[in-house]
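Here's the structure, in structure tokens; my notes come after.
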Amino acid sequence: MSRIDEQEQLAREIDAHVRRVEASDRSDEALLASAYEVLGSFKQLVDLSSAEELNKLSDKFLGLHRFASLLERIAMGIRSGAIEPPTSH
């Protein structure tokens, strides 16, 4: 499988996951609660792709765009101090 095919497959998998979650609950909380199911695929996609490629895939797969945007907002909240990350005990 080519790298481009792998990127498309991963993006399609994430997009399908988001659409399944949205079918029953469109909230960010529902998506975040189910994020673990596709975090591995998302990491693979990020590792395989340039920023430009990710942007193009996000334009094509709106579920991927929503998922990436949610993770970006969480990361920005943690950096700014608005969100306190969990601590391990």
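Do you know which of the residues in segment 32-43 that are surrounded by 12 or more Cβ atoms within 10 Å (Cβ to Cβ) and over 15 Å from residue 75 (Cβ atoms) is farthest from the chain's Cα centre (by Cα)?
Taking segment 32-43 as the starting set, the residues that turn out to be surrounded by 12 or more Cβ atoms within 10 Å (Cβ to Cβ) are 32-35, 37-39, 41-42.
Restricting the remaining residues to those that are over 15 Å from residue 75 (Cβ atoms) gives 33-34, 37-38, 41.
Working: 33: 12, 34: 11, 37: 10, 38: 7, 41: 9 Å.
Only one residue tops the list, namely 33.
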Condition set among the hydrophobic types (A, V, I, L, M, F, W, C) and assigned to a loop (DSSP other than H, G, I, E, B), scope segment 71-89, selection surrounded by the most Cβ atoms within 10 Å (Cβ to Cβ): answer is 83
Which residues, taken from segment 49-70, are assigned to a helix (DSSP H, G or I), surrounded by 15 or more Cβ atoms within 10 Å (Cβ to Cβ) and either at pLDDT below 95 or not small (Gly, Ala, Ser) (or both)? 53, 54, 57, 64, 65, 66, 67, 70
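Pull up segment 48-81, narrow it to residues that are among the charged types (D, E, K, R) and under 24 Å from residue 20 (Cβ atoms), then point me to the one that is nearest to the chain's Cα centre (by Cα).
Restricting to residues being among the charged types (D, E, K, R) and under 24 Å from residue 20 (Cβ atoms), the top hit is 66.
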Can you confirm whether residue 46 is without any contact (Cβ under 8 Å) to a residue 24 or more places away in the chain, of a type in the set (Val, Ile, Thr) and buried (at least 19 other Cβ atoms within 10 Å of the Cβ)? no
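The values are calculated or read from the model by the stated rules, or taken from the named source; none is laboratory data. A quick note: this is a predicted structure, and the numbers were derived from the prediction, not measured. Cβ atoms come from the backbone with ideal geometry, glycine included; neighbour counts cover every protein chain shown.
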